[in-house]
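K.L.:
Got a structure for you, written out below as structure tokens; questions coming shortly.
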Amino acid sequence: MLNKYYTILGVSPGASQDEIKKAYRKLAKKYHPDKNNGVENKELESKFKECTEAYNALTGKEKSSFFGFDMGSRHGDFTANGFSSGFVNLDEVSDYFSGFGKSSRNTTRISYVISLKDALKPPIKVTVKYTRNDKCSDCNGIGGEIETCQYCHGAGRVPSRIAFIAAFSPCPKCNGRKVQIKSKCLTCNGTGKNPSIEQKSVSFDVPLTAFLGNDLVVHGHGSWNAELQKYEDLIVSFQVDFGDYTCFFNGIDLSALSYMYHPDMNLKDGDLIINKKIPFADILLGYKTEITIPDGKKHKISIPYSDVIENKMFIKIKGAGFYHSNRHRDVSRSDLVINVIPEYPDKLSPDQKKILQNFNKK
């Protein structure tokens, strides 16, 4: 049986994989259906299928493939322009490799501003108001009177090629819809969308970790998409009003921040940083006070004199920063870092000068 495949490819039995590959490339280029400009040619299609089958058999492709499916038979039942063969569907390969965090390219995007306090108090439920185009009621979102696509004959995809690999790609005329508009709807001019913009609102729960550079996908609440025949996803990009705070995340330029960075701060994603001016005399005498942290809770803070001597002019409050998740998706809360800025008087009174002079003598 294998001798037959060697003969088809025009190589001798026992030929190396490189020789088999070179022979197949040459024959695939010669017999590929695209060579006939989309015109049906049974002989050309049969030859191409034959050499593809031989190549798959001699290289072990019919037993397994890198993509996890049989490239030689996956699309054996598909017929476009009258032929069927072992083509790779580019859309399926793409879907196989896309994965976590994927969102549709056909989306409606909006921005939503939330206060720092609200972003730190779960459960977080928001209601967003936005505009979108509903589907046209006159043509039911189709765009007009339709007919089978003449280019792909209703297949929705056409033969294509990447190097020597035979493949399928979406039809360039109907974009994979399998149909084309014969006469446009007069109301929507063929778009399938209602020309007037509709006001919409939607409420949803927000994950605790959604505010650190992540977008939230609300499926099916975007504008009407005539090509997909469904409503697009609504992508909500959150913008947090940090006020006087700075939120640390990987890649931030520390030199651009408005505080003196100390290595012992050991900042991590989600840490909140704020400057706090404290009179220098209070710092030297041992500063203690109660502050309100971003989520509205009260917290006592103090600056030990030992930290002042070591120039560690910051206070870290554990678990008072932003929520974040690690690579295992475990959710935890970062820290709040208070950067202490000594506040000096504009001028000294005679008594204050005398006290400092006496202190200096000692």
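The values are calculated or read from the model by the stated rules, or taken from the named source; none is laboratory data. A quick note: this is a predicted structure, and the numbers were derived from the prediction, not measured. In this analysis, Cβ positions are derived from the backbone assuming ideal geometry, glycine residues included, and neighbour counts consider all displayed protein chains. In case anyone asks, the SASA skips ligands and DNA or RNA and just uses the protein heavy atoms, side chains included. Shrake-Rupley method; radii C 1.70, N 1.55, O 1.52, S 1.80 Å.
K.L.:
Given labels modelled 7 Å from the Cα in the Cβ direction, how far is it in nm from Thr131 to Gln229?
P.N.:
With each label point 7 Å from Cα toward Cβ, the separation is 3.0 nm.
K.L.:
At a 1.4 Å probe, what is the % contribution of carbon and sulfur to the accessible area of the range 171-250?
P.N.:
Solvent-exposed carbon and sulfur of the range 171-250 make up 46 percent of the total.
K.L.:
Would you pull out the residues with amide H under 5 Å of Gly190's amide H, same chain only if 5 or more places away, H placed 1.01 Å from N?
P.N.:
For Gly190, whose amide H was placed from the backbone, the distant partners under 5 Å are Cys185.
K.L.:
May I pose another question? Given the pairs Lys298/Lys353; Lys300/Lys361; Lys121/Lys288, which span a C-alpha to C-alpha distance of over 30 angstrom in this model?
P.N.:
Over 30 Å Cα-Cα: Lys298/Lys353; Lys300/Lys361.
K.L.:
Once a ≥ b ≥ c are taken as the square roots of the eigenvalues of the Cα gyration tensor of the range 134-219, is the result rounded (a/c under 1.5), prolate (a/b larger than b/c) or oblate (a/b not larger than b/c)?
P.N.:
oblate
K.L.:
Check each of the GluC sites (Glu not before Pro) in the range 283-356 and keep only those in coil by DSSP with at most 16 other C-beta atoms within 10 angstrom; list them in order.
P.N.:
Here the GluC sites (Glu not before Pro) that fit, given the DSSP loop and packing criteria, are Glu310.
K.L.:
With the Cα gyration tensor of the range 166-209 giving a ≥ b ≥ c as the square roots of its eigenvalues, does the rule (a/c under 1.5 for rounded; else a/b larger than b/c for prolate; else oblate) give rounded, prolate or oblate?
P.N.:
It comes out oblate by the Cα gyration axes.
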